[in-house]
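The values are calculated or read from the model by the stated rules, or taken from the named source; none is laboratory data. Just so it is clear, the structure is predicted and the values come from calculations on it, not from any experiment. Here the Cβ positions follow ideal geometry from the backbone for every residue, glycine too, while neighbour counts run over all protein chains shown. Please note that ligands, DNA and RNA were not included when accessible areas were found on the heavy atoms of the full protein model with its side chains. Shrake-Rupley method; radii C 1.70, N 1.55, O 1.52, S 1.80 Å.
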Amino acid sequence: MIKAKAYAARDERSPLAPFQLERRTPGAEDVQIDILYCGVCHSDLHTARNEWKNTLYPSVPGHEIVGRVVAVGSSVKNFKVGDLAGVGCMVDSCGRCPSCAEGEEQYCENGFTATYNGPVFGGENTFGGYAQTIVVKQSFVLHIKHELKDLAAVSPLLCAGITTYSPLRHWKVGPGTKVGIVGLGGLGHMGVKIAHALGAHVVLFTTSPKKTEDGKRLGADEVCISTDLEQMAARAGTLDFILNTVAAPHQLDPYLQLLKRDGTMTLVGAPADPHPATEVFNLIFKRRQLAGSLIGGVRETQEMLDFCAQHGIVSDIEMIRMDYINQAYERMLKSDVKYRFVIDMATI
Ligand code: NAP
Ligand code: ZN
């Protein structure tokens, strides 16, 4: 076993604190990565505080992991010691079901193993990236082709990047599409950048007027303050697709009304409590659709990383020390982050 320093939540009320974990010694199929940077996703907070009511403690969050390969098993062909590597939200899946066969491991019919809080196949609880090192099956490890100087800002692509890229591609967002991105947080700001790079006309919907200039700088063609009813009404029936990243329950109807006939709003935000019920007439009169989407498969995650490297896309980050994590969570709850915290793992 490999011992490593980490940060863990011991229960749903205590702040995260230092913790020592053990990783398995790399097997034939495994890659060991010393973690350089780990992004802070709102899902980390939902999990640490047991908001989804499924957390196993101690809980070590973190699924936006970038680091350097320090050991490989005998069957590992695609990685060697010294390579840069990434790990996202999954570390295993059944590999046999139709979803896995199609490269959509996130929809594994036997339940994928999450990078943290993921003891699906009868094993022990998984521990995530708020740690010095991680051991992962090679088929769930990603190649990083970005410039070395961008490395910290690449880490959020492993969750925020793929969670926005996958639905934008699935619903064929591109030139000629008018797309709304709701919420300018970690996911939302990646959604704006990626939708812009895909060639769409991007409208950002934010509750924070002070984010207007940033929204435009990040690639939004228009910024709409979603609490301003006039600004919302002016856009009724104009959008082909909406990606909703909001992390709290809210009324969906004002957004559904923005869709054209046959338009779709996809929810990726995962608040613990349900959204208020929607008005069915907002759906049936224009054959609109309300959908959801979960991260993305391994192959698509690599495609997204390569797309972002090609287009020079990284996250806008605020680098933090490991011991700042509890303050970072509080600031995230106040939408006070531009636009992703990333932990410098050298400070653990
Ligand atoms: P985040 O950085 O905290 O951003 C969320 C944004 O939502 C905020 O910046 C804010 O944007 C808006 N918002 C927050 N509270 C709001 C409220 N009460 N009313 C209206 N708007 C509000 O969070 P994140 O890391 O991007 O994650 C967003 C959500 O996606 C979380 O629930 C997370 O668990 C989930 N998630 C889902 C997947 C998936 O696979 N589906 C993957 C990763 C994360 P404005 O200030 O611009 O309004
Ligand atoms: Zn995440």
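Checking each residue in the range 244-255 for being exposed (fewer than 14 other Cβ atoms within 10 Å of the Cβ) and closer than 20 Å to Phe281 by Cβ picks out only Gln251. Looking only at the range 104-113, filter to residues that are of a type outside the set (Ser, Thr, Tyr) and open to solvent by 20 Å² or more (accessible area, probe 1.4 Å); which one of those is nearest to ligand 2 (Cβ to nearest atom)? In this case the residue turns out to be Phe112.
Put simply, of Ala85, Ala101 the only residue that is open to solvent by less than 10 Å² (accessible area, probe 1.4 Å) and away from ligand 2 (no atom under 16 Å from the Cβ) is Ala85.
Within the range 152-187, the set of residues being touching a strand residue (DSSP E or B) at 6+ places or on another chain (Cβ under 6 Å), under 23 Å from Ala114 (Cβ atoms), assigned by TED's automatic domain parsing to the domain that holds Pro249 and more than 13 Å from ligand 2 (Cβ to nearest atom) comprises just one member, Pro167. Looking at Ser226, Ser208, just one residue is touching a residue at least 60 places away in the same chain (Cβ under 8 Å), outside the structural domain of His63 (by TED's automatic domain parsing), away from ligand 2 (no atom under 16 Å from the Cβ) and of a type in the set (Gly, Ala, Ser), and that residue is Ser208. Quick one: would you say Phe241 is under 30 Å from Leu142 (Cβ atoms) and within 19 Å of the chain's Cα centre (by Cα)? No: the conditions fail for Phe241.
Exactly one residue out of Ser155, Ser139 is among the small types (Gly, Ala, Ser), away from ligand 1 (no atom under 16 Å from the Cβ) and modelled with pLDDT of 95 or more: that is Ser139. Annotation: Met90 fulfils all but one of (1) out of contact with any Gly (no Cβ under 7 Å at 6 or more places or on another chain); (2) over 30 Å from Tyr329 (Cβ atoms); (3) open to solvent by less than 60 Å² (accessible area, probe 1.4 Å); the unmet one is (2). Condition check for Val72 on (1) over 15 Å from Thr126 (Cα atoms); (2) under 22 Å from the mean Cα position of the chain (by Cα); (3) buried (at least 21 other Cβ atoms within 10 Å of the Cβ): one failure, at (2). When restricted to residues that are part of a loop (DSSP other than H, G, I, E, B), touching a Pro at 6+ places or on another chain (Cβ under 9 Å) and among the small types (Gly, Ala, Ser), the range 66-86 contains 1.
Okay, residues lined up against (1) of a type in the set (D, E, K, R); (2) touching a helix residue (DSSP H, G or I) at 6+ places or on another chain (Cβ under 7 Å):
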site: Val268; (1), (2): no, yes
site: Asp273; (1), (2): yes, no
site: Asn282; (1), (2): no, yes
site: Gln302; (1), (2): no, no
site: Tyr339; (1), (2): no, yes
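Would you say Lys193 is more than 12 Å from the chain's Cα centre (by Cα), within 16 Å of Asp214 (Cβ to Cβ) and of a type in the set (D, E, K, R)? Taking the combined requirement at face value, the residue satisfies it. From the residues in the range 219-243 that are part of a strand (DSSP E or B) and open to solvent by 10 Å² or more (accessible area, probe 1.4 Å), which one is farthest from ligand 1 (Cβ to nearest atom)? Ranking the qualifying residues of the range 219-243, first place goes to Asp240.
Of all residue pairs spaced 6 or more apart or on separate chains, none has beta-carbon atoms under 8 Å together with a first member in the range 48-68 that is not assigned by TED's automatic domain parsing to the domain that holds Asn326 and a second member that is among the small types (Gly, Ala, Ser).
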